[in-house]
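Read the structure below first, then the notes.
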Amino acid sequence: MTTTVALITLFIAAVWLVGKRLRDSSTTLEIPYLEFDGDNSPERYARDTREIMQKGYRRYSKKGIPFAMRNPVDRNHPQVIMPQKYLESVRNAPQSVIDFYSFLEKSSVMKDVGGPPLSNEASDMVRIDLTRALSDLISQMQDDCTRAFQKGMPSCQDWTPLFPFEVLLDLFARTIAQVLYGAELAGRDDWLVHTIYPFINHLMLAPPAVISGYHPSLRFLAKYFETHTKMVYKGRKQAEDILRPILDKYKMQRATPNEKKAPRDGIRWLLDRYDSLGKELTPELLAQDLLFVTVAAIQTSAAVGCSILFDMMDRPVSLSQIRAEISSVKEACGGNWNRQSLAQLRFLDSFMKESKRVHTFTQGICLFSVTIGVVRVGSRVTVTVERMVVVPYRFDDGLQIPAGTQLSFPNQQLNLDDDVYPDAETFQADRFLKKRMEDDPNKHHFASVSEDSITWGSGYHACPGRFLAQDTLKLLFIYLLDGFEFKHVKDGQTRPKDMYHGFAIGPDVTMPVLSRRRG
């Protein structure tokens, strides 16, 4: 018996040592590697990664040369920053070769903290089903937006301090709730307030706690000991319990003659998706998909909306133009908004797109977060079109990338490049309105992607919810700007500087503003 135990122990030790050697063997890349001179500590990267990105962009990216740099989540596989000439190859590569899902799981440490993974079914539900239905949903969303303001916006009879992000997150979540969950679940506070919001908090807090507190080989223990990770698992179970009877109702309704007349929403679309693939949609899978879509949609959109509002507050002339445009289109449509009338808010659209160009963001759930009230705020990031190389890959020009390497493209640097956007550092509210007039009226809108506008990503994995975000944010701004005034707490104050942490960037949502009802 003793001999058996000893042999098993030796075998486990040998496997561990071999694994350690494999993990510790750094990937060899025959491309420039950039690091800091002098202090090259993790703390320096957390503070000054933007310096490396700017240096690499000027020295290599603009010349069509990829470069590598420290990867904050995998020290054995440097992150490769790709120049634009590789964009088409990367976005068109098969998922079995260059994959977004693998990148997302690795970079966000979702698997280690129990966070919901992004499934093809959830992504396609938003990209295809929800987006196609938007034309029929705007009227319902307008009604939900009205109720959201009645419930979630402070009365602001006089100048009242508030945190824009916190308010926008609640307004956005309530406006799209019926679209994602159906009427029954959308109206329940035990879902939105007591399940979704706490889940977001813990999901934002868990990754940095696990990364800093656990060796990669021991992160599987976090679900037993790390507080926020345990709460993520608890939140998923709570969501499953709430969704189980609702899913049963949906499945029963599918067998009735009136099923085709029933309102469409995220749950029905997911049922259709899973059925078409011969899969069963379980409460666990439904919770996984709805939680991921919800967190990605409301957290990112609220941060973007907060950033846009900061820019509006600093530009009173543009703000007056936006209000005048809203008033004009509102009169023409009789106050009954639809996708066509929202699309006529061209100056607002241009302002929104210019704001996200100057204050770069991208899709996804990021690790950097700050606390506002009861909500954790995730950040935008300075790179985009992130992918994981699944198998060794050779590009047409001979560039070889080993398996396990994470690829991404500069986002902020491209957006602030004078060769791409003349006078790029200057905020020009009508920049994209002019582009639409000079080039193509169907291009250069807030949700569009192109070779020189990749903030939303590119190709199949461009943010699937960007059209929902675009239309919902416009509805929110219609109500906000028509009904309320905003100013900074102190006279002479302007937009607070964005916050940086590694690759992450976000608006400083710790700064309150003052709001007062108009008229």
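Listed here are the residues, each with its yes/no results for (1) over 21 Å from ASP498 (Cα atoms); (2) among the aromatic types (Phe, Trp, Tyr); (3) crowded, with 21+ Cβ neighbours inside 10 Å.
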site: GLN288; (1), (2), (3): yes, no, yes
site: VAL293; (1), (2), (3): yes, no, yes
site: SER307; (1), (2), (3): no, no, yes
site: ARG315; (1), (2), (3): no, no, no
site: CYS333; (1), (2), (3): yes, no, no
**Study point:** Hits in segment 406-415 - residues which are over 19 Å from PHE446 (Cα atoms) and either aromatic (Phe, Trp, Tyr) or assigned to a loop (DSSP other than H, G, I, E, B) (or both)
**Key:** PHE409
Study note, to complete from the structure: Residues of segment 259-300 being farther than 17 Å from ASP129 by Cβ and touching a helix residue (DSSP H, G or I) at 6+ places or on another chain (Cβ under 7 Å), in sequence order, are GLU280, PRO283, GLU284, ALA287, LEU291, VAL295, ILE298, GLN299
Exercise for review: Please report, ordered by residue number, the helices (runs of 4 or more DSSP H) entirely within segment 55-154 with at least 3 residues that are among the β-branched types (Val, Ile, Thr).
Suggested key: 131-152
Check your understanding: Between a first residue in segment 329-352 that is under 16 Å from ASP482 (Cβ atoms) and a second residue that is surrounded by 14 or more Cβ atoms within 10 Å (Cβ to Cβ) and of a type in the set (Asp, Glu), which pairs have beta carbons less than 7 Å apart while being 6 or more apart in sequence or on different chains?
Key -> LEU342/ASP471; LEU345/GLU325; PHE347/GLU325; PHE347/ASP430; LEU348/GLU325
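Go over the candidates PHE347, PHE310, PHE361, PHE351 one by one and state the one that is at pLDDT below 95 and either of a type outside the set (Gly, Ala, Ser) or not assigned by TED's automatic domain parsing to the domain that holds TYR101 (or both).
PHE361
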Review point. Which residues, taken from segment 240-275, are surrounded by 18 or more Cβ atoms within 10 Å (Cβ to Cβ) and not aliphatic (A, V, I, L, M)?
Key: GLU240, TYR250, ASP265, GLY266, ARG268, TRP269, ARG273, TYR274
Review point. So which of SER408, SER458, SER450 ends up being surrounded by fewer than 18 Cβ atoms within 10 Å (Cβ to Cβ) and of a type in the set (Ser, Thr, Tyr)?
Key: SER450
Practice item. Within segment 98-109, identify whether any single residue is touching a residue at least 60 places away in the same chain (Cβ under 8 Å), buried (at least 18 other Cβ atoms within 10 Å of the Cβ) and over 21 Å from the mean Cα position of the chain (by Cα), and answer yes or no. Key: no
Check your understanding: Take the residues of segment 49-72 that are charged (D, E, K, R) and touching a strand residue (DSSP E or B) at 6+ places or on another chain (Cβ under 8 Å): which is farthest from ILE505 (Cα to Cα)?
Key -> ARG59
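Can you report the number of residues in segment 426-439 which are in a helix (DSSP H, G or I) and either over 16 Å from PHE351 (Cβ atoms) or in contact with a strand residue (DSSP E or B) (Cβ under 8 Å, 6 or more places away or on another chain) (or both)?
Here the count works out to 1.
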**Study point:** Residue identified as outside any loop (DSSP other than H, G, I, E, B), touching a residue at least 60 places away in the same chain (Cβ under 8 Å), of a type outside the set (Lys, Arg) and out of contact with any Asp or Glu (no Cβ under 9 Å at 6 or more places or on another chain) among LEU270, LEU205
**Key:** LEU205
Point to revise | Sole residue being closer than 30 Å to VAL513 by Cβ and surrounded by fewer than 17 Cβ atoms within 10 Å (Cβ to Cβ), chosen from GLY213, GLY187 | key: GLY187
Check your understanding: From the list ASP418, ASP423, which one is assigned to a loop (DSSP other than H, G, I, E, B), free of Cβ contacts under 8 Å to residues at least 40 places away in the same chain, assigned by TED's automatic domain parsing to the domain that holds ALA173 and at positive phi?
Key -> ASP423
Point to revise | Enumeration of residues in segment 478-499 that are touching a helix residue (DSSP H, G or I) at 6+ places or on another chain (Cβ under 9 Å) and exposed (fewer than 13 other Cβ atoms within 10 Å of the Cβ) | key: THR494
Check your understanding: Quick check: anything in segment 75-93 surrounded by fewer than 21 Cβ atoms within 10 Å (Cβ to Cβ), within 19 Å of the chain's Cα centre (by Cα) and either assigned by TED's automatic domain parsing to the domain that holds ALA462 or not hydrophobic (A, V, I, L, M, F, W, C) (or both)?
Key -> yes
Point to revise | segment 126-151 residues that are more than 15 Å from GLN470 (Cβ to Cβ) and in the same structural domain as TRP269 (by TED's automatic domain parsing), paired with ones that are polar (S, T, N, Q) and surrounded by 13 or more Cβ atoms within 10 Å (Cβ to Cβ) (beta carbon under 7 Å, 6 or more apart) | key: SER139/ASN338; GLN140/GLN178; ASP144/THR175; ASP144/GLN178; ALA148/THR175
Review point. Applying the selection to segment 160-191, what residues are free of Cβ contacts under 8 Å to residues at least 60 places away in the same chain and within 15 Å of THR472 (Cβ to Cβ)?
Key: VAL167, ASP170, ARG174, ALA177, ALA186
Practice item. Scan segment 309-326 residue by residue and report those that are in contact (Cβ under 8 Å) with a residue 40 or more places away in the chain and of a type outside the set (Asp, Glu). Key: LEU309, PHE310, MET312, MET313, ARG315, SER318, LEU319, GLN321, ILE322, ARG323, ILE326
Practice item. Pairs only if they're at least six apart or on different chains, beta carbon under 7 angstrom, first in segment 497-519 and without any contact (Cβ under 8 Å) to a residue 12 or more places away in the chain, second in a loop (DSSP other than H, G, I, E, B) and among the charged types (D, E, K, R); list them, first residue then second. Key: LYS497/ASP508
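The values are calculated or read from the model by the stated rules, or taken from the named source; none is laboratory data. Everything numeric here is computed off the predicted structure, so don't read it as measured data. For neighbour counting, all protein chains shown are included, and Cβ atoms are generated from backbone atoms with ideal geometry for every residue, glycine included.
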